[in-house]
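Asker: Please see the structure below; I have some questions.
The values are calculated or read from the model by the stated rules, or taken from the named source; none is laboratory data. Just so you know, these numbers come straight off a predicted model, no measurement behind them. Positions of Cβ are backbone-derived with ideal geometry, glycine not excepted, and every protein chain shown enters the neighbour counts.
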Amino acid sequence: MNNYTSKISDKGTIAVDDTILVKGVQAAAGSRILEGFKPLFSAEAVDRLEKAGYEMAGKTHVGEFGLDLVGEFSYYAEKQEQLKGAAAQAVADGEVKAALGVDMNGATRRAASLSGVDFLKPTYGTVSRYGIISCAASGEQLGVYAADVNGIKEVMDVIAGHDEKDGTSLKEEKYDYSTDLSVSGKKVCIVKELMEKADEDTAKKVNAYADKLRGAGVVVEEISVDMFDVANTAWQILMTAETCNNVSRYDGVKFGHRAAEYKNIDELYVNTRTEGFNFLTKAVILYGSDVLSKNRYDDCYGKSLKVRRVVAEKFAELMKKYDAVLTPVCSKTSYTAYEMDKAFGLVFEESVFTAVANLIGVPALTSGGVQLLGKAFSESVLLSLAGSAERAGE
């Protein structure tokens, strides 16, 4: 598998996914609609890394606008039989120290799990979103792939902190990303309902990880929680609605792909978007248009905003009892190639494990093929729990 859409430097130690801008290098978000678009500036996270002395290795493939499972439907990548995420695999293969990725609907976390590397989706607003190709601004977050928690910490220490150019950036200049806090006595819960959605091999992986945590003195309990299905439904509605609005800017006029044949402006828009977007993106646009329509707005979009608040309250109550939630990242340990017309349903099903973190903005760490969720700004707890498990596996 060729991981890169563009190579930047053979000396580079950081890969950047194709939804993140690097000055002068094509940024297409895996879509034909943005073919040939070369930004005039780099994302804030890229700028900070370069100022700190890191070099960018190249841009890695992503599925069109990050809407698929792990990046399988990039316009620019070869078809895969065994699905892997390009940035995650570049880290797993040792090509780079770390990679930047945008988590909008869990694709980055699933990719990290399948490739056996770590990925941190940090608390919403702690890392600048300036310079990413935005689709669902209320829940997408730039995060970091690395081989272990120490690699995550190294990059997060550089890129996190307030950025006045990003209206969603929080005011704190620095955040803590400790990987060696004492975890003895910490409490972690496993969600019964999510375990029942995973296959036997995945369940074994979660239980084995729990045993590693117990070996470090962590109390691990199984509980029943009913918020994850409703959180997934709410996020898919909000995500499709926001994506529908955001991709409407791609019309063949200002940049990117333009249809060769059209008789008027309406045909230019229609032909360009027909050629430029893949089936999955079109499905998301149609669904997003529907939930934003006059007859459906209150019942779908408006209600999802209310569900977001309720889920945030329920999750906060859960976090008063526990320090983290341990869940599967995917329902299975591998994905094989499938037809794109099945993607919308498959992504919805798999996102039940990941959507809550996007919906309410809490941190989520993939490590050892499993996921740890925590309350806002609890990255140090998650990293330290994962660090203890990683050390137990050495």
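Asker: Find the helices (runs of 4 or more DSSP H) located wholly in segment 280-394 whose residues include 1 or more that are of a type outside the set (S, T, N, Q) and more than 26 Å from Q80 (Cβ to Cβ), and list them. Walk me through it before giving the result.
Answerer: On the way: elements: 303-321, 343-350, 355-360, 379-392.
Filter on segment 280-394 gives 303-321, 355-360, 379-392.
Asker: Now, a different point. Examine segment 25-34 for a residue that is over 18 Å from V96 (Cα atoms), modelled with pLDDT of 95 or more and among the hydroxyl-bearing types (S, T, Y), and state whether such a residue exists.
Answerer: Within segment 25-34, the first condition is being over 18 Å from V96 (Cα atoms), and the residues that meet it are 25-34.
The next check asks that each one be modelled with pLDDT of 95 or more; those that pass are 25-34.
Filter again for among the hydroxyl-bearing types (S, T, Y), leaving 31.
There is at least one residue in segment 25-34 that is over 18 Å from V96 (Cα atoms), modelled with pLDDT of 95 or more and among the hydroxyl-bearing types (S, T, Y).
Asker: Taking segment 186-220 only, how many residues are touching a Cys at 6+ places or on another chain (Cβ under 8 Å) and more than 16 Å from D323 (Cβ to Cβ)? Step through it out loud before you land on a result.
Answerer: Here is the first cut: in segment 186-220, the residues touching a Cys at 6+ places or on another chain (Cβ under 8 Å) are 198, 202, 220.
Still in the running and more than 16 Å from D323 (Cβ to Cβ): 198, 202.
Number satisfying all stated conditions: 2.
Asker: Please state which of the following conditions T202 fails to meet, knowing it meets all the rest: (1) closer than 17 Å to S388 by Cβ; (2) touching a strand residue (DSSP E or B) at 6+ places or on another chain (Cβ under 7 Å); (3) among the polar types (S, T, N, Q).
Answerer: (1)
Asker: Tell me the residue from F65, F41 that is surrounded by 24 or more Cβ atoms within 10 Å (Cβ to Cβ) and under 22 Å from S128 (Cβ atoms), please. Give the derivation first.
Answerer: Values: F41 fails: surrounded by 24 or more Cβ atoms within 10 Å (Cβ to Cβ).
Every option except F65 fails the conditions.
Asker: Out of the residues in segment 240-258 that are in a loop (DSSP other than H, G, I, E, B) and not hydrophobic (A, V, I, L, M, F, W, C), state the one that is farthest from I33 (Cα to Cα). Full working, then the answer.
Answerer: Start the filter on segment 240-258 by keeping residues that are in a loop (DSSP other than H, G, I, E, B), which leaves 250-258.
Filter again for not hydrophobic (A, V, I, L, M, F, W, C), leaving 250-252, 254, 256-258.
Values: Y250: 7, D251: 8, G252: 8, K254: 11, G256: 6, H257: 5, R258: 8 Å.
Taking the candidates together, the pick is K254.
Asker: Could you grab me the full set of residues in segment 117-137 that are assigned to a loop (DSSP other than H, G, I, E, B) and either among the basic types (K, R) or more than 17 Å from L382 (Cα to Cα) (or both)? Give the derivation first.
Answerer: The initial filter retains those residues of segment 117-137 that are assigned to a loop (DSSP other than H, G, I, E, B), namely 117, 122-126, 128-131, 133-137.
Within segment 117-137, G125, S128, R129, Y130, G131, I133, S134, C135, A136, A137 qualify.
Asker: Within segment 193-204, take every residue that is part of a helix (DSSP H, G or I), in contact with a Ser or Thr (Cβ under 7 Å, 6 or more places away or on another chain) and of a type outside the set (A, V, I, L, M, F, W, C) and give me the one that is surrounded by the most Cβ atoms within 10 Å (Cβ to Cβ).
Answerer: Going through segment 193-204, the residues part of a helix (DSSP H, G or I) turn out to be 193-195, 200-204.
Right, trim to in contact with a Ser or Thr (Cβ under 7 Å, 6 or more places away or on another chain) and you get 193-194, 201-202.
So of that shortlist, the ones also of a type outside the set (A, V, I, L, M, F, W, C) come out as 193, 201-202.
Details: E193: 15, D201: 11, T202: 22.
Top of the filtered list is T202.
Asker: Can you tell which of E267, E317, E261, E275 is of a type in the set (D, E, K, R) and within 17 Å of G30 (Cβ to Cβ)?
Answerer: Working: E267 fails: within 17 Å of G30 (Cβ to Cβ); E317 fails: within 17 Å of G30 (Cβ to Cβ); E261 fails: within 17 Å of G30 (Cβ to Cβ).
The conditions single out E275.
Asker: Just the residues that are buried (at least 18 other Cβ atoms within 10 Å of the Cβ) and not in a loop (DSSP other than H, G, I, E, B), please, taken from segment 159-192.
Answerer: I159, A160, V188, C189, I190, V191
Asker: Kindly establish whether E222 is of a type outside the set (S, T, Y), closer than 30 Å to R391 by Cβ, in contact with a helix residue (DSSP H, G or I) (Cβ under 7 Å, 6 or more places away or on another chain) and outside any helix (DSSP H, G or I). It would help to see each step written out before you state the result.
Answerer: Details: of a type outside the set (S, T, Y): yes; closer than 30 Å to R391 by Cβ: yes; in contact with a helix residue (DSSP H, G or I) (Cβ under 7 Å, 6 or more places away or on another chain): yes; outside any helix (DSSP H, G or I): yes.
Criteria met by E222.
Asker: Can you tell me how many residues in segment 303-332 are among the polar types (S, T, N, Q), under 24 Å from L213 (Cβ atoms) and over 18 Å from the mean Cα position of the chain (by Cα)? Give the derivation first.
Answerer: Pass one, segment 303-332, residues among the polar types (S, T, N, Q): 304, 327, 331.
Narrowing further to those that are under 24 Å from L213 (Cβ atoms): 327, 331.
So of that shortlist, the ones also over 18 Å from the mean Cα position of the chain (by Cα) come out as none.
Residues that pass the stated criteria total 0.
Asker: In segment 324-350, which residues are surrounded by fewer than 24 Cβ atoms within 10 Å (Cβ to Cβ) and among the small types (G, A, S)?
Answerer: Correct list: S331, S334, A337, A343, G345.
Asker: If you check E95, E64, E50, E78, which single one turns out to be in contact with a Lys or Arg (Cβ under 9 Å, 6 or more places away or on another chain) and among the acidic types (D, E)? Outline the logic, then answer.
Answerer: Details: E95 fails: in contact with a Lys or Arg (Cβ under 9 Å, 6 or more places away or on another chain); E50 fails: in contact with a Lys or Arg (Cβ under 9 Å, 6 or more places away or on another chain); E78 fails: in contact with a Lys or Arg (Cβ under 9 Å, 6 or more places away or on another chain).
Going through E95, E64, E50, E78 in turn, the sole match is E64.
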